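See below for the structure under consideration.
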Amino acid sequence: MHILRPQFRIEESRALAFAAERGFGVIVAADERGPRASHVPFVLQQRGDGVIVQIHLTAKNPLVQLADGDRRFLLIVSGDDAYVSNDWYASRDNVSTWLYEAVHLAGVGYLRERDENRAHGDALLAVAEARLPKQPWDLAQMEPTKRETMLASIRVIDLVVDEIEGQLKLNQHKSDEDHVAVANQLARAEETGSRRLARKMRALRPGLGYDC
């Protein structure tokens, strides 16, 4: 069993900021058959003194029926992770490990009415498109019939958050010398999650005239 050490926890405000910036995670709930999960984009909103995470799923997704205003859901939001070899440390006899950042948001799920789908879509696109160096695209630019068909095919769920757990494991418990040594090794990798995903996509469909 993994025990989360106190020095690996991060404060709620930072955990929420991290989740909002990522905007994508895994939503999990359990029925009589056991856990069910889906990868989802989401919008994190402050409503009064509370936090709401709003997601959408296809109407046929089994998780939709579980959002009954009573059942609990868990949203897992992960950042980058990295393996650290034991011989990267300045001192001897360290153990190989993984560094990572992740946030868990838990609470009760509530199914929203279908007439709220458009507002959710607008909010989700506004956040996602703002991250791109271009003029934002929005649902108003979509052909109306196709837009309404698409919106009718989804269901929106509000996750009313009552538990926030942020985990940041970046060698906080190691000495300055070990911390610097590992950080230097990771910096030399010059690797990003986006580049890794791009390489995998090119491998799935080679020969399509990629830039490089």
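The values are calculated or read from the model by the stated rules, or taken from the named source; none is laboratory data. Everything numeric here is computed off the predicted structure, so don't read it as measured data. Methodologically, a virtual Cβ is constructed for each residue, glycine included, from the backbone with ideal geometry; neighbour enumeration extends over all protein chains shown. What goes into the accessible areas is simple: the full protein's heavy atoms, side chains included, and nothing from ligands, DNA or RNA. Shrake-Rupley method; radii C 1.70, N 1.55, O 1.52, S 1.80 Å.
Here are some notes:
- Excluding ligands, DNA and RNA, the accessible surface per residue across the chain is 64 Å² with a 1.4 Å probe.
- Highest average packing first - 99-112, 41-54, Cβ atoms within 10 Å: 99-112, 41-54
- Volume of the Cα convex hull of region 137-212, divided per residue and given in Å³: 236 Å³
- FRET efficiency, Q172 to A123 (Cβ-Cβ, R0 35 Å, nearest 0.05): 0.50
- Label selected from (1) 30, 18, 17; (2) 35, 24, 16; (3) 36, 20, 16, the criterion being semi-axes √(5λ) of the Cα gyration tensor in Å as computed here: (2)
- Cβ charges +1 (Lys, Arg) and -1 (Asp, Glu), total dipole of the chain, debye: 780 debye
- Averaging Cα coordinates gives a centre for region 92-166 and one for region 2-62; these two points are 10 Å apart.
- Ordering of 88-94, 17-23 by burial proxy (mean other Cβ atoms within 10 Å per residue, highest first): 17-23, 88-94
- Take the Cα of R47, step 7 Å toward its Cβ, do the same at A130, and the gap between the two points is 1.9 nm.
- Rounded percent of accessible protein surface that carbon and sulfur make up, the chain, 1.4 Å probe: 53 percent
- Loop sites in region 144-212: GluC sites (Glu not before Pro), DSSP, at most 14 other Cβ within 10 Å: E190, E191
- In summary, the lysines within cross-link reach of K60, defined as a Cα separation below 24 angstrom excluding same-chain residues under 8 places away, comprise K146.
- Ordered from largest to smallest accessible area (heavy atoms of protein chains, 1.4 Å probe), the residues R33, R9 come out as R33, R9.
- Remark: region 31-106 carries a charge dipole of roughly 320 debye about the Cα centre, counting +1 on each Lys and Arg Cβ and -1 on each Asp and Glu Cβ.
- Label point distance in nm, Q141-V160, each placed 7 Å from Cα along Cα→Cβ: 3.7 nm
- With the simple model of a label 7 Å out from the Cα in the direction of the Cβ, R36 to S13 spans 3.8 nm.
- Probe 1.4 Å, all protein chains present, accessible-area order of H179, H56, H39, H120, largest first: H39, H179, H56, H120
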